[in-house]
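The values are calculated or read from the model by the stated rules, or taken from the named source; none is laboratory data. If you're wondering where the values come from, they're calculated on a predicted model, not measured in any experiment. Note: ideal-geometry Cβ built from the backbone for every residue, glycine included; neighbour counts use all protein chains shown. Each accessible area value is taken on the protein alone, full model and side chains, heavy atoms only, with ligands, DNA and RNA left out. Shrake-Rupley method; radii C 1.70, N 1.55, O 1.52, S 1.80 Å.
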Amino acid sequence: MAQAKIHHAKMTEAAKSKFSRSMSMADRSGQLLESLDQLEIRVEALREAATSMEQERECLLDLIKSIKNSEEMRSICDGEREELSLTANRLLGRTLTVEISVETIRNSTQEDALHKATSLIDEIAAKLLDDMDGARKRLMALHAACVTEAPPVPIDTKFQTIVITCALEDQKKIKRRLETLIRNVDNAEKNIKIMDHQKVDDLNSANGK
């Protein structure tokens, strides 16, 4: 009888010990999961911060180039223009030393869609100087395919289908690239008009008008 009680006590103690170990493992697992959840938040914050820095880099490069080619830069004397151009080139070089890369996780379908979208944009960008007005219209149609609100220009539905297939981060980058290209075309057209106007003024001056 005493032996049976001892055996029962050992079984009870073993069960309690097993239950205690199980609870401990569950607690440990919960703590690890909580830590990973917190790290995931920090990882996403890191990616967002890096993406913002990437956008800021693009914006800075665009602004520096815009100032270099601005009407104001052409309207000042040669000495001041040379000094300001040197400063702009220095800032451009320093900005280019900053390299930021946020890799996007894609499946094979998204990879293929990104390649198609990039190829279409590259094709238009390569022909900008040949037909600036036509290229701008095509870029506007591609950009219209990337926005949710109703655009004031026709939408390239083929491109829209391709972009929708891309990863979300790639969709944002494609939209930003199109916006940059359109802005560059607008600036180039403005500069051409200014140069044409200056040529007319110079011709009139030469003719004594």
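Would you confirm whether or not segment 135-145 contains a residue that is free of Cβ contacts under 8 Å to residues at least 12 places away in the same chain and at negative phi?
No, segment 135-145 contains no residue that is free of Cβ contacts under 8 Å to residues at least 12 places away in the same chain and at negative phi.
If I ask for residues that are within 19 Å of residue 91 (Cα to Cα) and either in contact with a Lys or Arg (Cβ under 6 Å, 6 or more places away or on another chain) or at pLDDT 85 or above (or both), which ones from segment 39-67 would you list?
Passing the criteria: 53, 54, 56, 57, 60, 61, 64.
Need a quick list: helices (runs of 4 or more DSSP H) entirely within segment 67-161 having at least 2 residues that are closer than 22 Å to residue 175 by Cβ and open to solvent by 80 Å² or more (accessible area, probe 1.4 Å).
108-126, 132-144
Being open to solvent by less than 80 Å² (accessible area, probe 1.4 Å) and more than 30 Å from residue 163 (Cβ to Cβ), is that true of even one residue in segment 31-43? Reasoning before the result, please.
At the first step, the residues of segment 31-43 found to be open to solvent by less than 80 Å² (accessible area, probe 1.4 Å) are 35, 37, 43.
With more than 30 Å from residue 163 (Cβ to Cβ) added as a condition, the list becomes 35, 37.
For segment 31-43, residues open to solvent by less than 80 Å² (accessible area, probe 1.4 Å) and more than 30 Å from residue 163 (Cβ to Cβ): present.
Of the conditions (1) in a helix (DSSP H, G or I); (2) open to solvent by 60 Å² or more (accessible area, probe 1.4 Å); (3) modelled with pLDDT under 90; (4) not polar (S, T, N, Q), residue 194 fails just one. Which one is it?
(2)
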